[in-house]
Amino acid sequence: MAFDSSQLGMAIFLLVAAAFNLWFVVTSVRRACFPSKPAPAPGLLSHAVLTMAAFDILWVWLCMIQCWNNTFHQNEFNQNSGDDSFGCKFMGWYSSFSLVGMMGSHCLVAYYLMNHLKAAEESFFNSKKGWVALSATLLLAACLFASMPLMQGDGYALTSGGFCYADFTNKVQASVILFFTLSFLVLSTGLWARIGEWREYWYYYAIFFCTWILWVPAASYGIATGAEIASPYMIVGAIVGHANAIINPLLYGRDLFKKLSAGSTGEGENVDHNFKEAPDMA
């Protein structure tokens, strides 16, 4: 057993992140499937948050397992074994999955928050069947995007940030990364603009935008030069991305529904029109 102390910090962080994700999943399941009667959760928004929590499971838990392996073992499961190693392919897949999984589920939550706050009429997409269809579509898109380096043929690459991902130095792969990133950034911007309550929700959009805008220069640089953007850029991107494993539960598992509950009782400025006032028992 070869102990690598340089991996220990990330391993501990991911253990904490996995605990946050577990709480996020359990809370989201309870809120979506077993809503409390006195303070019912806002319908499909709860289901969209459940999609977000579920999509985070894959990359948070697999990354934690791999990082603890790297702390105590130098084997093929370690991504540093090389681009063609099992470890790099394994990490490359779930890391690439996280782009579409995280960005797409964020947009899904923003969409159902918009419908909730605007009291949108029921339609196919604003129904449980629609939520299932959108979540399944995102899952399929995330799996296809994650498999794109394998289908393209050149595989994943170990970055200067120490993680494996779709290859930013490959112009085809970098173009696909840029397309998906820009598409979700534009979609998110449009959704939050329609939500419009910037005073209440500005940091939800700001955190999302600041996290993922980092891949635009990285992908653009790869397309233009066929090389990876200078270090330590990729490790900064990795740190910011991994931070979302803790930020998402706090924002969408706690803060969001606290705002909506405050609005429904008149305790906050953000009034939620879909909550009904409790009858006066006096």
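The values are calculated or read from the model by the stated rules, or taken from the named source; none is laboratory data. This one's a predicted model, so the numbers in the text were calculated from it and none came from an experiment. Heads up, the Cβs are rebuilt from the backbone with ideal geometry, glycines too, and the neighbour counts pull from every protein chain shown. Note: areas computed on protein heavy atoms with side chains; ligands, DNA, RNA excluded. Shrake-Rupley method; radii C 1.70, N 1.55, O 1.52, S 1.80 Å.
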Quiz prompt | Residue match in the range 98-111 (condition: open to solvent by 20 Å² or more (accessible area, probe 1.4 Å) and part of a helix (DSSP H, G or I)) | solution = yes
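Kindly establish whether residue 136 is modelled with pLDDT of 95 or more, among the small types (Gly, Ala, Ser) and open to solvent by 50 Å² or more (accessible area, probe 1.4 Å).
The answer is yes for residue 136.
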Quiz item: Which condition does residue 85 not pass, out of (1) of a type in the set (Ser, Thr, Tyr); (2) open to solvent by less than 40 Å² (accessible area, probe 1.4 Å); (3) under 22 Å from the mean Cα position of the chain (by Cα), if it passes all the others?
Solution: (3)
Quiz item: Any residue in the range 121-140 that is more than 19 Å from the chain's Cα centre (by Cα), outside any helix (DSSP H, G or I) and basic (Lys, Arg)?
Solution: no
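Listed residues 146, 219, 206; which is buried (at least 18 other Cβ atoms within 10 Å of the Cβ) and under 15 Å from the mean Cα position of the chain (by Cα)?
Values: 219 fails: under 15 Å from the mean Cα position of the chain (by Cα); 206 fails: buried (at least 18 other Cβ atoms within 10 Å of the Cβ).
After applying the criteria, what remains is 146.
Quick check on residue 102: is it closer than 28 Å to residue 191 by Cβ, of a type outside the set (S, T, N, Q) and modelled with pLDDT of 95 or more?
Numbers: closer than 28 Å to residue 191 by Cβ: yes; of a type outside the set (S, T, N, Q): yes; modelled with pLDDT of 95 or more: yes.
Yes: the conditions hold for residue 102.
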Quiz prompt | Within the range 64-82, considering residues that are among the polar types (S, T, N, Q) and either under 16 Å from residue 18 (Cα atoms) or part of a helix (DSSP H, G or I) (or both), the one nearest to the chain's Cα centre (by Cα) | solution = 66
Quiz item: Is it the case that the range 151-159 has a residue that's charged (D, E, K, R), surrounded by fewer than 23 Cβ atoms within 10 Å (Cβ to Cβ) and more than 22 Å from residue 52 (Cα to Cα)?
Solution: yes
Quiz item: Pairs, please: C-beta under 7 Å, at least 6 apart or cross-chain, first residue within 20 Å of residue 238 (Cβ to Cβ) and without any contact (Cβ under 8 Å) to a residue 40 or more places away in the chain and in the range 64-87, second open to solvent by 20 Å² or more (accessible area, probe 1.4 Å) and assigned to a loop (DSSP other than H, G, I, E, B)?
Solution: 66/77; 69/77; 85/76
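Output the residue which, of all residues in the range 213-243 that are of a type in the set (S, T, N, Q) and at pLDDT 95 or above, is nearest to residue 163 (Cα to Cα).
To start, the set of residues in the range 213-243 that are of a type in the set (S, T, N, Q) comprises 220, 225, 231.
Narrowing the set further to residues that are at pLDDT 95 or above leaves 220, 225.
Numbers: 220: 19, 225: 21 Å.
For the range 213-243, the residue satisfying everything is 220.
Quick check on residue 57: is it of a type in the set (Val, Ile, Thr), assigned to a helix (DSSP H, G or I) and under 17 Å from residue 238 (Cβ atoms)?
Working: of a type in the set (Val, Ile, Thr): yes; assigned to a helix (DSSP H, G or I): yes; under 17 Å from residue 238 (Cβ atoms): no.
So residue 57 does not fit the description; no.
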Quiz item: Taking the range 150-174 on its own, how many of its residues are touching an Asp or Glu at 6+ places or on another chain (Cβ under 6 Å) and either under 17 Å from residue 62 (Cβ atoms) or not in a loop (DSSP other than H, G, I, E, B) (or both)?
Solution: 3
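Counting just the residues of the range 9-18 that are open to solvent by less than 60 Å² (accessible area, probe 1.4 Å) and under 17 Å from the mean Cα position of the chain (by Cα), which one comes out farthest from residue 49 (Cα to Cα)? Break it down into steps so the answer makes sense when it comes.
Kept after step one, since they are open to solvent by less than 60 Å² (accessible area, probe 1.4 Å), are these residues of the range 9-18: 9, 11, 14, 17-18.
Adding the requirement that they be under 17 Å from the mean Cα position of the chain (by Cα) leaves 14, 17-18.
On the way: 14: 21, 17: 17, 18: 17 Å.
Checked the range 9-18; the qualifying residue farthest from residue 49 (Cα to Cα) is 14.
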Quiz prompt | Answer from 36, 46 - the residue that is of a type in the set (Ser, Thr, Tyr) and open to solvent by 10 Å² or more (accessible area, probe 1.4 Å) | solution = 36
